[in-house]
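Each remark here refers to the structure printed beneath this line.
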Amino acid sequence: MIRLYDFVLSGSCYKVRLFLSLLGQDYETVPVGFYPAKEHKKPDFLQLNPLGQLPVLRDGDLVLRDAQAILVYLASKYDPSGSWYPDDAAARGRVAMWLSFAGGELMTASAARLHDVLNYPFDVASLREQARQAFVVLDDHLAEQELRDCPWVAGPEPTVADIACFPYVALSNDGGIARDEYPAIERWLARVMVLPGFIDMPGILTPWSGEAAEEPAA
Amino acid sequence: MSKDLEPAALDQWYVIESSEDLRSDQPRRTRLLGRPILGERSASGTVTIEERTEEGETLRKLPCLERYGYVWTTLGAPVKPLFDMPEFEEDGRRLVVCGVLTVRTSPGRIVENFLDLSHFPFVHTDILGAEPMTEVTPYKAKLDESSGELWVTECGFYQPQAMAASSGAAQVDYLYRVPQPYAAVLYKSSPGKAGAFDLIGIFPQPLEETLCDVHCFMLVYDDVSSYEGMLQWQQGIFLQDRIILENQRPARLPLDPKAELPSRADTSAIQYRRWLKNLGVEFGVA
Ligand SMILES: N[C@@H](CCC(=O)N[C@@H](CS)C(=O)NCC(=O)O)C(=O)O
Ligand SMILES: [Fe+2]
């Protein structure tokens, strides 16, 4: 059985939960005491991932860290359609480019959230500014993709790149980053949220939770 | 200097850290009601809390207590001792201390949301509520004159997964105790012990009028869940509330009786706001 070392509030772990759900793949979770106990920095966990980070995935003898790496593995192994990680040189290049963006530039939005929610001692103003710059890049790209009739991050169909980019963009409000200025991002988030098998996580306002919360008596 | 605060805010007991996380190698530099606070534990285990100037100089030592897994202080002179929770003495319960979670809103908004059953199906979908079972049945909200506490009683709700240990949907009995304006505890039917109640409590530590560190605990009969499973269940619920709370306007809790209320099942909100107004609470209200 696939085993995910997990923290409920981690957007990086959610990348993996979301993708497993989209694939309809069974798995078990091991909740790791990320907060407040910092179990991910203690010897037991460091044996699993010397970087002291979640998520970690175990499948048989294979142990993988890094959400992007895990998504590539899961798509390669468990997606018979091949569409989530297309077998084409240019397509793979584009997917890898955006996977790297998800694990790199977009993580500034994750850090802003850690500051705002869990009190991490970060320079939040600078993080939000960097996250906004990354959002502008993504928003411009998605707007161009729409014009090309290619509305997903790396091509005409959703790929693991969409799944890797989705969480920290969708959770940006938790870190004090509003998305009013990124209309193409908003439309893309809405497309992800109606994929069959989509699941949310705490902090993501789905269209249904958002409206309902404003008018519970309806 | 910070502005003068009213007794109704000053004279409450506030958590500034969990006992476990206030360690001799880990002091807590924080704020309370807009004022700088330092909490420390000496190598021998003694806790001291002081109010400081913005520049970090000691102004005065503050009262401090350790109880229920938390470190408590006050900036005023509470007329009542810290409220008693006899459930902490009961055998077989497990305590889960959820860690500080920060929310950009007022303590009143946080307590009011905690008392509100009607948001369950929409905010905690398929956990604490589910459509179409959205109806809030009549309940009572009343100030208990002898204790000076607000109690909300006779609540019930249909819940798909009432607690971490729940094995399926159930009709769950609830009651709420608000022992002081900025602290609240709920009691709900325990899936782990028939006829008993599990406790969940929130202690907002108001850093500023519209910024709180929220301390949250569970005290439950549960022999099946792992500690981490229970903890993350509660942290997940909390983050679902957080985004709703941060979107409420105004962030201060409006006490004007004409102000709009968030939902239809308002009895508890009406009583809560009225109580704060009668007590003369000004910090964090509009
Ligand atoms: N490159 C990793 C980074 C994941 C990451 O930042 N995880 C966070 C939790 S959301 C973490 O474990 N942080 C602890 C740390 O970085 O020390 C990935 O994308 O999976
Ligand atoms: Fe809630």
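Descriptive notes on the structure:
- Index of the failed condition, A:P36 passing every other in (1) part of a loop (DSSP other than H, G, I, E, B); (2) over 20 Å from A:Y120 (Cα atoms): (2)
- Boolean, A:A96 is within 12 Å of ligand 1 (Cβ to nearest atom) and assigned by TED's automatic domain parsing to the domain that holds A:A161: no
- For the stretch A:146-162, the condition of being polar (S, T, N, Q), assigned by TED's automatic domain parsing to the domain that holds A:F101, within 22 Å of A:S100 (Cα to Cα) and outside any helix (DSSP H, G or I) holds for at least one residue.
- Under the condition of being within 14 Å of chain B (Cβ to nearest Cβ), assigned to a helix (DSSP H, G or I) and touching a helix residue (DSSP H, G or I) at 6+ places or on another chain (Cβ under 7 Å), the residues counted in the stretch A:9-32 number 2.
- Inspection of the stretch B:229-248 identifies at least one residue that is open to solvent by 50 Å² or more (accessible area, probe 1.4 Å), within 14 Å of chain A (Cβ to nearest Cβ) and within 16 Å of ligand 2 (Cβ to nearest atom).
- Scanning the stretch B:194-223 for residues that are touching a helix residue (DSSP H, G or I) at 6+ places or on another chain (Cβ under 7 Å) and more than 19 Å from B:E89 (Cβ to Cβ) gives B:I202, B:P204, B:P206, B:C212, B:V214, B:C216.
- Members of the stretch B:68-94 that are open to solvent by 90 Å² or more (accessible area, probe 1.4 Å) and not in a loop (DSSP other than H, G, I, E, B): B:E89
- Here A:K41, A:K15 are screened, and the one residue that is within 8 Å of ligand 1 (Cβ to nearest atom) and open to solvent by 30 Å² or more (accessible area, probe 1.4 Å) is A:K41.
- Residues in the stretch A:1-18 that are closer than 15 Å to A:G175 by Cβ and more than 16 Å from ligand 2 (Cβ to nearest atom): A:S10, A:G11, A:S12, A:Y14.
- So A:P55, is it within 14 Å of another protein chain (Cβ to nearest Cβ) and in contact with a strand residue (DSSP E or B) (Cβ under 8 Å, 6 or more places away or on another chain): yes
- Test set (1) within 20 Å of the chain's Cα centre (by Cα); (2) within 16 Å of ligand 1 (Cβ to nearest atom) - A:R128 fails condition number: (2)
- Pair list, Cβ under 7 Å, 6 or more apart: the stretch B:87-114 residue more than 18 Å from B:I237 (Cα to Cα), other residue of a type in the set (G, A, S) and open to solvent by less than 50 Å² (accessible area, probe 1.4 Å): B:S106/B:A251; B:S106/B:G284; B:G108/B:G284
- With respect to (1) loosely packed, with under 14 Cβ neighbours inside 10 Å; (2) part of a helix (DSSP H, G or I); (3) over 17 Å from the mean Cα position of the chain (by Cα), the lone exception for A:A184 is condition (1).
Yes/no per residue for (1) closer than 26 Å to B:S18 by Cβ; (2) more than 14 Å from chain A (Cβ to nearest Cβ):
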site: B:E90; (1), (2): yes, yes
site: B:V97; (1), (2): yes, no
site: B:L143; (1), (2): no, yes
site: B:Q159; (1), (2): no, yes
site: B:D173; (1), (2): no, yes
site: B:L186; (1), (2): yes, yes
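- Only listed residue being within 14 Å of chain B (Cβ to nearest Cβ) and either at pLDDT below 95 or touching a Leu at 6+ places or on another chain (Cβ under 6 Å) (or both), chosen from A:Y35, A:Y78: A:Y35
- Identity of the residue in the stretch B:192-207, out of contact with any strand residue (DSSP E or B) (no Cβ under 7 Å at 6 or more places or on another chain) and in contact (Cβ under 8 Å) with a residue 24 or more places away in the chain, that ends up most open to solvent (accessible area, probe 1.4 Å): B:K193
- Set B:E154, B:E112: member being farther than 30 Å from B:I16 by Cα, of a type in the set (D, E) and outside any loop (DSSP other than H, G, I, E, B): B:E154
- Of all residues in the stretch A:50-70, those satisfying the criterion of being open to solvent by less than 70 Å² (accessible area, probe 1.4 Å), within 11 Å of ligand 1 (Cβ to nearest atom) and free of Cβ contacts under 8 Å to residues at least 24 places away in the same chain are A:G52, A:L64, A:A69.
- Filtering the stretch B:118-139 to residues that are open to solvent by 50 Å² or more (accessible area, probe 1.4 Å), facing chain A (nearest Cβ under 9 Å) and in a loop (DSSP other than H, G, I, E, B) leaves only B:E131.
The values are calculated or read from the model by the stated rules, or taken from the named source; none is laboratory data. Everything quoted here is computed from the prediction, not taken from an experiment. Because the Cβ atoms are built from the backbone with ideal geometry, glycine has one as well, and the counts that use them run over all protein chains shown. When the accessible area is computed, the model is the full protein with side chains, heavy atoms only, and any ligands, DNA or RNA have been set aside. Shrake-Rupley method; radii C 1.70, N 1.55, O 1.52, S 1.80 Å.
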